[in-house]
Every structure is written in C-alpha cells, then in structure tokens.
1. Does region 228-247 hold any residues that are out of contact with any helix residue (DSSP H, G or I) (no Cβ under 6 Å at 6 or more places or on another chain), of a type in the set (A, V, I, L, M, F, W, C) and either in a helix (DSSP H, G or I) or more than 13 Å from the ligand (Cβ to nearest atom) (or both), and which are they?
2. Any idea how many residues of region 170-202 are of a type in the set (Asp, Glu) and surrounded by 15 or more Cβ atoms within 10 Å (Cβ to Cβ)?
3. Regarding region 250-260, can at least one residue be identified that is among the polar types (S, T, N, Q), under 30 Å from residue 125 (Cβ atoms), surrounded by fewer than 19 Cβ atoms within 10 Å (Cβ to Cβ) and modelled with pLDDT of 95 or more?
4. Pick out, from region 14-131, the strands (runs of 3 or more DSSP E) lying fully within it that include 1 or more residues that are more than 11 Å from the ligand (Cβ to nearest atom) and exposed (fewer than 15 other Cβ atoms within 10 Å of the Cβ).
5. Hey, among 191, 135, 198, 175, which residue is within 16 Å of the ligand (Cβ to nearest atom), among the hydrophobic types (A, V, I, L, M, F, W, C), farther than 30 Å from residue 83 by Cβ and in contact (Cβ under 8 Å) with a residue 12 or more places away in the chain?
6. If you take the residues of region 1-13 that are surrounded by fewer than 24 Cβ atoms within 10 Å (Cβ to Cβ) and away from the ligand (no atom under 12 Å from the Cβ), which of them is nearest to residue 80 (Cα to Cα)?
7. So the check is Cβ under 6 Å with 6+ separation or different chains; which pairs have a first residue in region 27-43 that's under 14 Å from residue 63 (Cβ atoms) and a second one that's of a type in the set (A, V, I, L, M, F, W, C) and part of a loop (DSSP other than H, G, I, E, B)?
8. Is at least one residue of region 136-151 in a strand (DSSP E or B) and closer than 28 Å to residue 265 by Cα?
Amino acid sequence: MNPKVAIVTGSNQGLGFALVEGLCKSSGPNSSVYLTARNAARGEEAVRQLRERGLSPMFHLLDVTDDASVAALAETIRTRHGGVDIVISNAAARISPDIPQAEQVKLFVNTNNHGTYRIIRAFGALLRDNVRFIVVASSFGSLRNLPPSLHEGFDVSTRSLEDIEELMDKYVALVEAGQAKDHQWPEWINVPSKIAQVASIKIMARQMRDEASRRGILINAVCPGLVDTEASRPWFKDMSAAQSPAQAAVDVVWLATLPAGTDTPYGELVRHREVVPWM
Ligand SMILES: NC(=O)c1ccc[n+]([C@@H]2O[C@H](COP(=O)([O-])OP(=O)(O)OC[C@H]3O[C@@H](n4cnc5c(N)ncnc54)[C@H](OP(=O)(O)O)[C@@H]3O)[C@@H](O)[C@H]2O)c1
C-alpha cells in the first residue's frame, strides 16, 4: 500500500475525528494523516486520544475562516510532502435553534462555504495524481430543495466558484436584513449553505474535468447521513436512527480511498455510496 498524505478539516471532534481515525486505519503505516483543529488544545487532546488507540495522526492548526491559517497548512504540506492524496473539507460552524439565524448566518457561511472555497483554492496546486477531494455536505445540498426561481444562481454548467461565493454573500445580507423569505429562500440556513457547497464541488469538477480524467482525480461531495454529534443533537428530537461518527465515517472513508483507476463517482453528491440527484 502506498503511503498517503491526507488532511481532514475540523477533525478534533464529531465526524471529522472519526474520519481521521478511519483514514489512519486504512491508509497504511507510513501515511501522514493530518488531524486539524482551530484550537491547539482541543486538537492535541484529540490526537492524544487516537495515539491511545495505537494510531499516529499528525496535528496542524487550521482555522478555515482565516486565509493565513489555510495558507500555512498548505505550505506545510507542500514543504513536507510536495502534495496531497486525500483532502476532506469537513469543518462546519454550529448553529443553534435558540438564536435567530440572522445572528448566526455570517459565521456559518464564512466557515462552511467560504472555508470550503479557501481549501479548494489553497490545495488546488497540491493535488497529486489520483487525489480524492471531498467536501462533507448533506442531502439537503440537492438543488431540488430550492424553488425554481433560485436555480439560476446555482447553474453549475456556467457559474464559477466566485459566483457562488458572491451569491452566498448576497444571501447572508438578505438573512441579516430579514428578507430571505421574501426572496423564496428556505427558512433554515443549512439548506442554502449545503446547496452552495455541492454547487462548488460540481463547478470545481467541471473546471478540472479533462485534467482529472488524465490524472485519475476524483472530486465529490458527500452526505454522511444523520450522525449523532453535538452539532446535530439540538436540531432533531429523535436521534434513535442516527449513526455514531465512527459508523458514518465508513462510507466517507470508502469514497476517500477509492483505488486508482476508479473514474466514478465524479462531481457528485454521494450518500451511502449512492449518487444523490442534483435536481
Ligand atoms: N451531524 C450530522 O448529522 C451531519 C449530517 C449531515 C452533514 N453533516 C456535516 O458533517 C460535517 C461535520 O459535522 P459534525 O456533526 O461532526 O459537526 P461538529 O461535531 O460540530 O464538528 C465540527 C468540527 O468543525 C470544527 N470547526 C468549526 N469552525 C471551524 C473553523 N473556523 N475552522 C476549523 N474548524 C472548525 C469544529 O471545531 P471546534 O471543536 O473547535 O468547534 C469541529 O471540530 C459538517 O460539514 C456537517 O455539516 C453532519
């Protein structure tokens, strides 16, 4: 098994932590799997827990809302390894049902959407042949969850990554002004945010299609299904059907470790190894 270089954003807890654990187990002894966290103490504690389980993740600070922090991780990967084999953009800001969404939307979009964009941009030049580039989104990220009047903004056959960034800034301004509903946006800010994440991955896949096919690169979004974490618990009354993070990680790690020579799925939202339709 060839040693791999893998990074998972937002991996000191929840699904990200389980993804690092799964990648450490599946990527072979000489691999470098980076557990990243925005808080050094929380990140180092997570690394300690995995070391107790006999695993050897590397640690790097990473705040996806901070350009310099993202650039610093990319520079470390470049100088230490020259490139990356697995990127999982998983970090997400939590939102609370008890706080008006207008007060939470800016940080939420900055972390989940602009953070994903920063990772795409910073790691674009470091992608090795056969890289698996994944954004953890959700089944909410299907365009059919938006009314048709809003579809044009997410036309992944013509829009650029920057168009999606701009659209999400406009969306933030509407939510903050209490006008999102007037423009037919859904109530819950998670839905437009996940659609934008999936749109970005589809646009990245479209823009890189020829190179990706030549170099064996796979670019996808993934829905882990309902996972029992601190982030999901406040939103769902009944968590009895939720998976543990370790259970949910299995299918995401599968997607992240598809062997060289695999050419599908590509540019898709994937849930439990099946493609979720965009429309
Ligand atoms: N849980 C579910 O049911 C579910 C379902 C569908 C999709 N998802 C997606 O799965 C992913 C993981 O969710 P989760 O449930 O595991 O959430 P979580 O337990 O809240 O974990 C989120 C992780 O992101 C980190 N993070 C937050 N802001 C960050 C920033 N600015 N820079 C870097 N890291 C940051 C958090 O760090 P701190 O510890 O410092 O806060 C934490 O490690 C998310 O993309 C989520 O949308 C989850």
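1. 235
2. 1
3. yes
4. So the answer is none; nothing clears 1.
5. Among 191, 135, 198, 175, only 191 is within 16 Å of the ligand (Cβ to nearest atom), among the hydrophobic types (A, V, I, L, M, F, W, C), farther than 30 Å from residue 83 by Cβ and in contact (Cβ under 8 Å) with a residue 12 or more places away in the chain.
6. Ranking the qualifying residues of region 1-13, first place goes to 5.
7. Taking only residues 6 or more apart or on different chains, the pairs are 36/62.
8. We begin by selecting, within region 136-151, every residue in a strand (DSSP E or B); these are 136.
Pick out the ones that are also closer than 28 Å to residue 265 by Cα and you get 136.
Yes, the conditions are met somewhere in region 136-151.
The values are calculated or read from the model by the stated rules, or taken from the named source; none is laboratory data. All values reported here derive from a predicted model rather than from experimental measurement. Cβ sites come from the backbone with ideal geometry, for glycine too, and all protein chains shown count toward neighbours.
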